[in-house]
Amino acid sequence: MKWLEHNNIPYTLCGALASEYGWESYGGQLYLDVPIGESNEQYQLICEHMDNPDGSFKIPDVESWIFLLEKALENKHHDELGF
């Protein structure tokens, strides 16, 4: 998180993907508010920091996941009152 802050990359603590079949405790997940794109400097900086040229992760026990907005919105009903 210090690296993100040093590089002015906005982030928010977040939980695992929502599921109607069970719950997970917080595992250290972060949402990085950075548009994905080869022309985005912040995105490129993150990729260079986290990924090896072969696509493997540089930092032990740290993974990155990219979710399309459409996929993330599949569980938006979990935020509705009374769910």
The farthest towards the positive end of the charge dipole of the chain, of the residues VAL62, ILE36, GLY22, given +1 on Cβ of Lys and Arg and -1 on Cβ of Asp and Glu, is VAL62
Give the lysines reachable from LYS58 as a straight Cα distance under 22 Å; neighbours fewer than 8 places away on the same chain don't count. LYS2
GNM on the chain, C-alpha springs below 10 Å: top fluctuator among ASP51, ASP33, ASP61? ASP61
Angle between the Cα long axis of helix 41-50 and the longest principal axis of the chain, 0 to 90 degrees, nearest 10? 90
Pairs of Cα atoms under 8 Å, at least six residues apart: use those to get the relative contact order of the chain, whole percent. 19
State, to one decimal in nm, how far the label point of GLU41 lies from the label point of LYS2, with both points 7 Å from Cα in the Cβ direction. 2.4
Working out 0.36 nm times the residue gap between ASP51 and SER19, then minus their Cα-Cα distance, what length gain in nm do you get to one decimal? 8.7 nm
Report the gain in length on full extension from LYS58 to ALA72: 0.36 nm times residue separation, minus Cα-Cα distance, nm rounded to one decimal. 2.4 nm
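Readers should treat all values here as calculations from the given coordinates under stated rules, not as data from a laboratory. Note that the structure is predicted; figures quoted are calculated from it, not measured. Glycine also receives a Cβ, built like all others from the backbone with ideal geometry; neighbour counts cover every protein chain displayed.
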